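The structure appears below as structure tokens.
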Amino acid sequence: MCGIIGTLGHADVAQDLLEGLKRLEYRGYDSAGIATLYNGSIERRRAEGKLINLGKVIEKEPLQGDIGIGHTRWATHGVPSERNAHPHATDRVAVVHNGIIENFRELRRELESSGRIFGTDTDTEVIVQLIHHNLSQGLKPVDATSAALERLEGAFALAILFAEEQELMIGARRGSPLCIGWGQKEMSLGSDALALAGLSNRISYLEDGDWAVITRDGATVRNTHGELVERAIRTTALSEKQMSKGNYPHFMAKEIHEQPTVIGQTLNTFFNPLDRSISLPELPFNLLEIERITLIACGTSFYAAMIAKYWFEQIARISVDIDIASEFRYRGTPMAKGGLALFISQSGETADTLAALRFCRKQGQHIAGIVNVSESTIDREADIVFNTHAGPEIGVASTKAFTCQLVTLACIVIATARVRGAISREQEQELSSAITEVPARAAEILNHDDSLRQLSNVLAGARDVLFIGRGASYPIALEGALKLKEISYIHAEGFAAGELKHGPIALIDQSVPVIVIAPSDALFEKTASNVSEVVARGAQVIFLSDSKGIAALGDQAKESIELPTVHSFVAPILYALPVQILAYHTAVLKGTDIDQPRNLAKSVTVE
């Protein structure tokens, strides 16, 4: 979702702002802009499309000033255009905004009736017009902003500049994330720590409802009640080096190939090599007393939850509900007190997931989170957090974060099963040993890159592609279809293999590739019968299995990819890699924008 950066520096800051916006490209956007303050006046440059367009505008019409704000916009209200691009400004105030103002129509009518003239189609413009109106009533900038914030309904992160105020910037957040970067007589404001990686490594995170008055000497923060509060300053290890693609042509390729390393890093936080056991951090609840677990997530993270449901119920013998965060709370689901609600989010800022988290807390649930971003909102609000260690994931389509989520969930399942007496010591060691093999087996799969690249030629010319799988392979089929849709724009669907004959088999003909996820597990024979059904109808079958599976069924497939033979418990983690690689190479052939697919945002911070 939209990205924000602001800085109070010592020299012309336009280039610093542009570089900061480049670090925010991964969030997704369709226009961008910068505003600076020079000789007491607000100057703006904006452009539709990619940042290269904004760079050309600034090169042609340079911006001066040592204080400024920048924004990458992902359109919500108003089409992507220069006119609707942020910053929005009057001659007295400029604003950049991430989020949605839900009562903007009411506010706009009120302001227009008082004589304010609007120039965009966005909800954001009511913020700048409302602050300007308050200024015109004689309020000082801080008071004008405070009064405006009280009127706004919805979600927002804001950075605000004022004409004639060379030493002042105001930031505010409600729902959407925002952090402050601390320097020597230099301060900055950003959507996340990555945005500020080139400006400061000392970061403080605003809590929900906070707003901050920032000068070059520091910042004062008030909470939603207007009370002065302290927010801890932390040193972040994030660096601009982590934002580099290295020798890879795309961030997605780099992140796919980082998986053996980051899976190992994540596993090392749980695995004790001395006794080959899995241990969790101290929990604020007793696993023996948990009668039901609710897993909630969105998108790819939801597919991780689907796989975890199989694991928890089969191995830990505990009932699990799973739900899409954007649907969960609208049912008003009754929840027995004392249950465990586990929320999965790469960013830790997903708006729907946060809303579900707060609903579950009111229902008396213990709250746990799995996130990849320390100090994110879920990280701060959960009772216990299991941090994945995937490192910054810049590509919009999640790859390494997904497999690290699965490794984390697998470890939680093993530990839960042990505590509840659902597995023996020997079974625990068997499962633990299986998961320790994953980094090495993942490296083996990456060696199939050339074979998968060749297979992508089959997919690139297709109009429709189907993925099928059974058991824990079914969510991998869903994830494979999602990856292909996200970055190649080919229509793809994932199905439970047993559901084919209940309708989807009508889609099968000679033009439809069918990708079969089929490790040689207890469900293999059932999947084999489904393969025979689609082959009989002329489908082009691409078969992903191990040596045993290919020996049994490979002759029916158009193409087969042999994957390592592993314990069925960890197979879903490893089978995620080839579907990622297939999607990537197909998108390369299609010539799409792989790291920033159209219409998509990395972090969905509005509902």
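The values are calculated or read from the model by the stated rules, or taken from the named source; none is laboratory data. This is a predicted model, so every value here is computed, not measured. Neighbour counts run over all protein chains shown; Cβ positions are idealised from the backbone, glycine included. The accessibility values were calculated without ligands, DNA or RNA, using every heavy atom of the protein model including side chains. Shrake-Rupley method; radii C 1.70, N 1.55, O 1.52, S 1.80 Å.
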Hey, how many Å between the Cα centroid of segment 199-217 and the Cα centroid of segment 558-582? 44
Å² of accessible area per residue within the chain, as computed with a 1.4 Å probe and no ligands counted: 38
What does the highest-first list of 361-370, 465-474, 530-539 look like by mean Cβ count within 10 Å? 465-474, 361-370, 530-539
Charge dipole magnitude, Cβ of K and R +1, D and E -1 - the chain, Cα centre, debye nearest 20: 380
In whole Å, what is the distance between the alpha-carbon centres of segment 283-297 and segment 352-395? 14
Calculate the length of the line joining the C-alpha centroid of segment 106-150 to that of segment 491-511, in whole Å. 53
Explain nothing, just compute: Karplus ³J(HN,Hα) = 6.51 cos²θ - 1.76 cosθ + 1.60, θ = phi - 60°, for every residue of segment 15-20 in order, whole Hz, x for Gly and Pro. 5, 4, 5, 5, 5, x
If DNA, RNA and ligands are ignored and the probe is 1.4 Å, what is the ranking of M306, M187 by accessible area, most exposed first? M306, M187
Of all accessible surface on the chain at a 1.4 Å probe, what whole percent is carbon and sulfur? 47
Would you grab the residues whose amide H sits under 5 Å from the one on E102? Only those 5+ places off in sequence or on another chain, please, with H modelled 1.01 Å from N. E153, G154, A155
Just to verify a number: what accessible area does H225 come out at with the full protein assembly present, 1.4 Å probe, Å² rounded to tens? 140
Quick one: what do you get for the chain if you divide its Cα Rg by 2.2 N^0.38 Å? 1.01
Using 24 Å as the Cα-Cα cut-off, could you pick out the over-long pairs in K245/K590; K50/K590; K309/K548; K400/K558? K309/K548; K400/K558
